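Colleague: Take this structure, written in structure tokens, and hold onto it; I'll ask about it next.
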């Protein structure tokens, strides 16, 4: 098992702002320090990696507000890497296509399932073909000596109904599709509602079996790429963030299972895995 121990500091304020009134216990660069009253800080939190799935290089969303696109694309990339198929996809293409959606909010907020809907409509291109939002959107994707439209390429990357969108709320019936009344859900997608214990268990199973998983709270979205535990044995999900790598964790953060329960709004994972896992 890989062990991690980071003592450097980072930007606490950013995590508080993005995660709302109660910052979730995602262990970010400064949050890894155990603060004490009157005597500064003690040794940083230490993690042991149990599972760390393959992933593409961590990206930086900068000032854009499309973390949901970065997170869902990262989940799709990890899913393909688990098959031995390397893909690295451009979130800037999605950001550009959002400009064509009259119903989209000005801040370009969305959800993982929004990304899936958009690539079904507009397609997707590789990261090397579009590295900035100012780059003209490519009309063709070239792979292995063949040319594909972005829509054709997208169908090979993420087929319709390949992923299921999940949520957990006790205010609606379980095992039925429900609405999520959030501005980010401007396409009015519906989510399959399951108990939180089940959602946590199936998410952990998906990650341990090397599937791509997208996690969303009301304020942020990240891909889940692994599982770790701290020195007390408390379990954490390893999250692939989209804030670059200029921090001690090199772009990864840690989300406790406890805060997964408290903060999760939605999860996207492969439908075929979920259907199989639900009958185990």
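Colleague: Need the failing condition index for residue 94 against (1) out of contact with any helix residue (DSSP H, G or I) (no Cβ under 6 Å at 6 or more places or on another chain); (2) without any contact (Cβ under 8 Å) to a residue 40 or more places away in the chain; (3) closer than 25 Å to residue 218 by Cα, just the number.
Modeller: (1)
Colleague: Is it true that some residue in the stretch 176-184 is under 29 Å from residue 227 (Cα atoms) and touching a helix residue (DSSP H, G or I) at 6+ places or on another chain (Cβ under 8 Å)?
Modeller: yes
Here is a yes/no grid of residues against (1) touching a residue at least 12 places away in the same chain (Cβ under 8 Å); (2) over 18 Å from residue 270 (Cα atoms):
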residue	(1), (2)
182	yes, yes
197	no, yes
206	yes, no
212	yes, no
217	yes, yes
232	no, yes
252	yes, yes
256	yes, yes
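Colleague: Within the stretch 254-266, which residues are closer than 17 Å to residue 68 by Cα and surrounded by fewer than 21 Cβ atoms within 10 Å (Cβ to Cβ)?
Modeller: Of everything in the stretch 254-266, just one residue is closer than 17 Å to residue 68 by Cα and surrounded by fewer than 21 Cβ atoms within 10 Å (Cβ to Cβ), namely 265.
Colleague: Moving to a separate point now. Going through 226, 251 one at a time, which residue ends up being modelled with pLDDT under 95 and either buried (at least 21 other Cβ atoms within 10 Å of the Cβ) or touching a strand residue (DSSP E or B) at 6+ places or on another chain (Cβ under 9 Å) (or both)?
Modeller: 251
Colleague: Given (1) touching a residue at least 60 places away in the same chain (Cβ under 8 Å); (2) touching a strand residue (DSSP E or B) at 6+ places or on another chain (Cβ under 7 Å), where does residue 124 come up short, assuming only one miss?
Modeller: Against the list (1) touching a residue at least 60 places away in the same chain (Cβ under 8 Å); (2) touching a strand residue (DSSP E or B) at 6+ places or on another chain (Cβ under 7 Å), residue 124 comes up short only on (1).
Colleague: Let me ask something additional. Across the stretch 130-147, which residue is surrounded by the fewest Cβ atoms within 10 Å (Cβ to Cβ) among those that are touching a residue at least 12 places away in the same chain (Cβ under 8 Å) and over 16 Å from residue 87 (Cα atoms)?
Modeller: Here the answer is 132.
Colleague: Scan the stretch 108-118 and give yes if some residue there is more than 19 Å from residue 267 (Cα to Cα), at pLDDT 95 or above and under 19 Å from the mean Cα position of the chain (by Cα), otherwise no.
Modeller: Yes - at least one qualifying residue is present in the stretch 108-118.
Colleague: Can I ask one more? Just the residues that are surrounded by fewer than 24 Cβ atoms within 10 Å (Cβ to Cβ) and part of a helix (DSSP H, G or I), please, taken from the stretch 82-112.
Modeller: Quick first cut of the stretch 82-112, residues surrounded by fewer than 24 Cβ atoms within 10 Å (Cβ to Cβ) only: 82-88, 92, 95-109.
Those that are surrounded by fewer than 24 Cβ atoms within 10 Å (Cβ to Cβ) and part of a helix (DSSP H, G or I): 82, 92, 95, 96, 97, 98.
Colleague: Modelled with pLDDT of 95 or more, closer than 22 Å to residue 274 by Cα and assigned to a loop (DSSP other than H, G, I, E, B) - does that describe any residue in the stretch 236-245?
Modeller: The answer is no; no qualifying residue exists.
The values are calculated or read from the model by the stated rules, or taken from the named source; none is laboratory data. Owing to the predicted nature of the structure, the values given are computational and were not obtained by experimental measurement. Glycine gets a Cβ as well: all are built from the backbone with ideal geometry, and neighbour counts include every protein chain shown.
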